[in-house]
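Working notes, structure below.
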Amino acid sequence: MKYSLLSSILALAIGHAFADNCNVPLLYCGHSLLAKGNYQPQIDQCLFDNNHLTLDNGQSVLFGCIGGPNGVIQFLQDCGLNRCRDNGNGKNDTCF
Ligand SMILES: *[C@@H]1O[C@H](CO)[C@@H](O)[C@H](O)[C@H]1NC(C)=O
């Protein structure tokens, strides 16, 4: 009994973690990912892996969602400072 209660709580917690991940195959601005959850470490890693420096910690970079349990992201392009637009839920973000 205790065990099943614990696993339900665990399932809820994991379900919540998933909800904060990016959705395939959508594209996201860095600032949209940050609004979703704790994406800064992944953004930093992704920019580092691509040898890309930004002035705003990747907020104006457009990322693709690769997915998986950790919501892995992929570097697509740097839109330029404040030139990445969040087009809303279920829509691709775009450079403008
Ligand atoms: C978003 O962009 C991806 C990759 O370019 C594309 O496959 C997908 O259909 C687009 N989705 C929407 C909702 O526009």
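Structural remarks
- Each peptide among 60-69, 28-37, 74-83 gets the average number of other Cβ atoms lying within 10 Å of its residues, and from highest to lowest they stand as 28-37, 60-69, 74-83.
- Mean Cα-pair separation over length for region 21-95, i.e. relative contact order, pairs under 8 Å, 6 or more apart, %: 38 percent
- In the context of the full set of protein chains, residues of region 21-95 present 57 Å² of accessible surface per residue (probe radius 1.4 Å, heavy atoms only).
- In this rough spin-label picture, where each label sits 7 Å from Cα along the Cβ direction, the Asn87-Phe48 distance is 3.2 nm.
- Euclidean distance of C-alpha centroids, region 50-71 and region 73-96, integer Å: 10 Å
- Between His52, Gly88, Cys22, the Cα set farthest toward the positive side of the dipole of region 21-95 (charges on each charged residue's Cβ, about the Cα centre) is that of Gly88.
- Cα pair distances of region 21-95 binned at 10 Å [whole percent]: 23, 62, 15
- Residues with amide H under 5 Å from that of Gly67, placed H, sequence gap 5 or more: Val72
The values are calculated or read from the model by the stated rules, or taken from the named source; none is laboratory data. In this text the structure is predicted, and so the values were computed from the model without any measurement. We place every Cβ from the backbone using ideal geometry, glycine too, and count neighbours over all the protein chains shown. Side chains are part of the model used for accessible areas, which takes the heavy atoms of the whole protein and leaves out ligands, DNA and RNA. Shrake-Rupley method; radii C 1.70, N 1.55, O 1.52, S 1.80 Å.
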